[in-house]
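The values are calculated or read from the model by the stated rules, or taken from the named source; none is laboratory data. What you see is a predicted model; the values in this text were computed from it and never measured. Using ideal geometry, Cβ is built from the backbone for each residue, glycine included, and neighbour counts are taken over all protein chains shown. These area figures cover heavy atoms from the full protein model, side chains too; ligands, DNA and RNA do not enter into them. Shrake-Rupley method; radii C 1.70, N 1.55, O 1.52, S 1.80 Å.
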Amino acid sequence: KKKEFVSTTPYRLRKRLAAPNPYLESESEYSASCSEEEDEEDQKEVNTVLSSRKTPGKTKAASTPPPKNTLTKKNKEDKMNKLVEEYFEAHSSSKVLTSDRTLQKLQKRRLNQQTLHDLLKKAPLAYADEIKELNQQHGSLFSKWMLQLNLGFNIVLYGLGSKRDLLEKFRTSVLQDSVHLVVNGYFPGITVRSILNSITEDVLDHIGTFRSLLDQLEFIMKRFKEDSSLELYVLIHNLDSQMLRGERSQQILAQLSSLPSIYLIASIDHINAPLMWDQAKLSLYNWLWYETTTFSPYVEETSYENSLLVQQSGSLALSSLMHVLRSLTLNARGIFRLLAQYQLENKDNSSYPGLSFQDFYQQCREAFLVNSDLTLRAQLTEFRDHKLIRTKRGADGVEYLLIPVDDSTLTDFLEKEDEDV
């Protein structure tokens, strides 16, 4: 029998050899390179066919290698798992290492409030000329503010930097001939009661006490509505301060500002200050917003804050104590002075509980500071509102009075009082 010849050349290659393509035989480098690559591919196909005919079982059993993307993804997952394990190993120890570099280890002693204030005052202010020009631009709006205040609006100033000097300049240049009230909201002892007392005593010349804040507010609103000649400009520094941002305080101030003859201009500094007011309060305030960026440092506003650089003890610093007491009457300062002197006299007594109310009333009566125990209790209530005193009852039920300030601060306070006298 004749053996049949079986060609092992692929059909595509045989067809190309039988009918050559003139385009492939061109002399261009691209065609030559392409033909060479195709020849290599065809040779691979021939080798594959031959190997498949010789060992068909092995071809079926051979597994294809995994894709490159799968290997990269697996490596990334392994790396991430390793990082997670290292993180938890680093933070699994219960021992926490902290730095021992504290202010106590500094060679220099802490400064007092006045020294720190003097040093900050001597520090040069960057871009002083530009800041001065910016404040002059704000000052050109004073006449516009006065017009809008008289039209029934109230003005609120916001922006970066202290606006105390700007409001003070507005007061001295425009409100000299008008009745005005300045409220320093950054005082640690400022309260709405003290604001209402200033209006009733200094503006309305009323002598007496009220049962509650609402009665006092109603009295003020009634007087201003009855007497159309009464006019009052109220300037509030830091309306959003910690002592004035409460719901009750904002409600009372909003009702005051709604009176046609009371004109309010205030400043805010906290970024979330507008969240204090709901729709009802905003309608009472009737604000006009002015962006007054001054870039001025908050020197006066932060002088009452506790600082790690300042040596302070007790609940109030000396500067805070002096500023709060200067806002009170002379009789109130005398009452507080008596209590401070008695506390210093008993500073060596470790079991000193405080001065009892009856003994304190007797001393104040002998000094002609009060005429009844009701007057003294009203004054003590004001001290409590300003956080100047603390009261507690002993085991025998007697009420004792105590000033929550250390002895050195009280000594400095009495020395300052003697200098003022």
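Mind listing the long-range amide H neighbours of residue 183? Cut-off is under 5 Å, sequence gap 5 or more, other chains count too, H placed in the peptide plane at 1.01 Å from N.
235, 236, 237
Let me test this: with uniform point scatterers at the alpha carbons of segment 169-243, what is the Debye-based log₁₀ I(q)/I(0) at q = 0.23 1/Å?
Treating every Cα as an identical point scatterer, log10 I(q)/I(0) equals -1.18.
Distance in nm between label sites at residue 182 and residue 398, each 7 Å beyond Cα in the beta-carbon direction?
4.4
Determine the distance separating the Cα centre of segment 352-421 from the Cα centre of segment 223-241; give it in Å without decimals.
First find each Cα centre; the distance between them is then 32 Å.
Residue-wise, which Karplus ³J(HN,Hα) couplings in Hz belong to segment 208-219, taking 6.51 cos²θ - 1.76 cosθ + 1.60, θ = phi - 60°, and x for glycine or proline?
So the J values, rounded to whole Hz, are x, 10, 10, 6, 8, 5, 5, 5, 5, 5, 5, 5.
A 21 angstrom limit on the alpha carbon distance is what I want to check against. Which of 132/163; 347/392; 169/416 exceed it?
Result: 169/416 exceed 21 Å.
What's the FRET efficiency of residue 222 with residue 77 using the Cβ-Cβ distance as r and R₀ = 45 Å, to the nearest 0.05?
Values: r = 77 Å, r/R0 = 1.71.
FRET efficiency, residue 222 to residue 77: 0.05.
Between residue 407 and residue 350, what is the label-point separation in nm under the 7 Å Cα-to-beta-carbon projection?
In this crude spin-label approximation the distance works out to 1.3 nm.
With the contact rule set at Cα under 8 Å and sequence spacing of 6 or more, what percent relative contact order holds for segment 314-419?
Numbers: 88 pairs, mean separation 39.7, N = 106.
With pairs under 8 Å counted, the relative contact order is 37 percent.
With r as the distance between the Cβ atoms of residue 390 and residue 165 and R0 = 45 Å, compute the FRET efficiency 1/(1 + (r/R0)^6) and round to 0.05.
0.80
Would you kindly compute the Cα radius of gyration of segment 123-266 and its largest Cα-Cα separation (Dmax), both in Å?
16.4, 53
Mind grabbing the accessible area of residue 322 for me, 1.4 Å probe, Å², rounded to tens?
10
Over all alpha-carbon pairs in segment 314-419, figure out the percentage whose distance exceeds 25 Å.
Roughly 14 percent, once rounded to a whole number.
Which percent of the Cα-Cα distances in segment 234-289 go past 13 Å?
When every Cα pair of segment 234-289 is considered, 58 percent fall beyond 13 Å.
Name the residues whose placed amide hydrogens come within less than 5 Å of the amide hydrogen of residue 210, ignoring near sequence neighbours (fewer than 5 apart) on the same chain.
Here the answer is none, since no amide H 5 or more places off falls under 5 Å of that of residue 210.
How large is ³J(HN,Hα) for each residue in segment 187-192, as worked out from phi by the Karplus curve 6.51 cos²θ - 1.76 cosθ + 1.60 (θ = phi - 60°), to whole Hz, x for Gly and Pro?
Whole-Hz 3J(HN,Hα) from phi for segment 187-192: 5, x, x, 6, 9, 5.
Which ³J(HN,Hα) values, rounded to whole Hz and listed in residue order, are derived for segment 373-383 from phi using the Karplus coefficients 6.51, -1.76 and 1.60 in 6.51 cos²θ - 1.76 cosθ + 1.60 with θ = phi - 60°, glycine and proline given as x?
After applying 6.51 cos²θ - 1.76 cosθ + 1.60, I find 6, 5, 5, 5, 5, 5, 5, 5, 4, 5, 4 Hz.
Given Cα pairs under 8 Å that are at least 6 residues apart, what percent is the relative contact order of segment 128-291?
About 35 percent, as a whole number.
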